[in-house]
1. Suppose we filter region 168-189 for residues that are in contact (Cβ under 8 Å) with a residue 12 or more places away in the chain and not in a loop (DSSP other than H, G, I, E, B); how many remain?
2. Yes or no: region 101-114 includes at least one residue that is more than 23 Å from the chain's Cα centre (by Cα), part of a helix (DSSP H, G or I), at pLDDT 85 or above and more than 24 Å from L181 (Cβ to Cβ).
3. Pick from region 146-167 the residues that are over 17 Å from P113 (Cα atoms) and without any contact (Cβ under 8 Å) to a residue 12 or more places away in the chain: which of them is farthest from the chain's Cα centre (by Cα)?
Amino acid sequence: MENEIFEAFLALLKLNVKKKTLLTFINADWRDFQNTPAIEEKYKGGILIDDYLFIRSYIYNLTIQLWTYIYEFKMSNVYMSMTDMKKKQTKIIREQLDDTLKRFSSIASVNRPMRGWIRAIRDALGMNMRQFANRLGVSKSRIPRIEQDEITGSLTLKTMNRVAETLDCVFVYGLVPRTSLDETVKKQASIAAKKRMSRLMHTMNLEAQGLSSENAKKAFDNMVDEIIDSQSMLWEKDK
C-alpha cells in the first residue's frame, strides 16, 4: 500500500512539475535518532516542513556566498595577474627601447657646429643663400633667419625636415638617455626611497625603534623595488 501511494505521488509529480525540478527527501524527525517509536511521537517539538524550507534556504544562501567568495577571489587573482603582466610589459618595452637607443649613444656626444648644421652643410656643399632659397622655395632674405633659428632652437621640426630634404640629408630627431632608461628608473626610485626612508627613520628614532644598518639597507632595497613596481609612485612630486 505504501509503495503504491509512493508511486502515485511520483507519477503526480511527473505530471505537474518542470523537468529540472529537484526532489529531496529528508529524514522527517530528529527523534528517530533517539529510537523513538513513531506511535509515541508528538506534534510538540516536531520539525515542520517550514523548518526544512528554512534550512534549505540557509544552505542555499551559504552556497551563494561561497561561490561569490570564490568568484571575487578568482577575479582578484585575475586583476593581480593583469597588473603583474602590465609591469612585465613595461619592463620589456623599456629594455627593448634601451637596446634601440644604444645605436644613437655614439652621436649623443657630437657637438653642433658653431654656425649650426644647416649653414655647415650648405657651405660644405658649396651652395650659396640664393641657390638654397630657390631650392627651398623661400626668399633669399629668409635664409639667415632659418639658420639663426636653428641655433636658438626656434626652428620647427617641419621646417628642419624640409631643409634636410633640400640639402639631400635626412633629418634625425630623437631623445638619447644619458645612461639608460632602466638606470633612470632605478635612480629616480632611489631618490624617492631615500626621502621616504628619511621620514621613516626619523619617526622610528623618535619612538626608540631605530633599525640596524643591515635591516635599514634591506628596508631601503625593498622600498626601491616597491616604487619601481608601483609606477604611479615613481614620478610623484614629493610633498
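1. Selection size over region 168-189: 6.
2. No, region 101-114 has no match at all.
3. Result: E165.
The values are calculated or read from the model by the stated rules, or taken from the named source; none is laboratory data. These numbers come from a predicted model, not from an experiment. Positions of Cβ are generated from backbone atoms using ideal geometry, with glycine treated the same way; all protein chains shown enter the neighbour counts.
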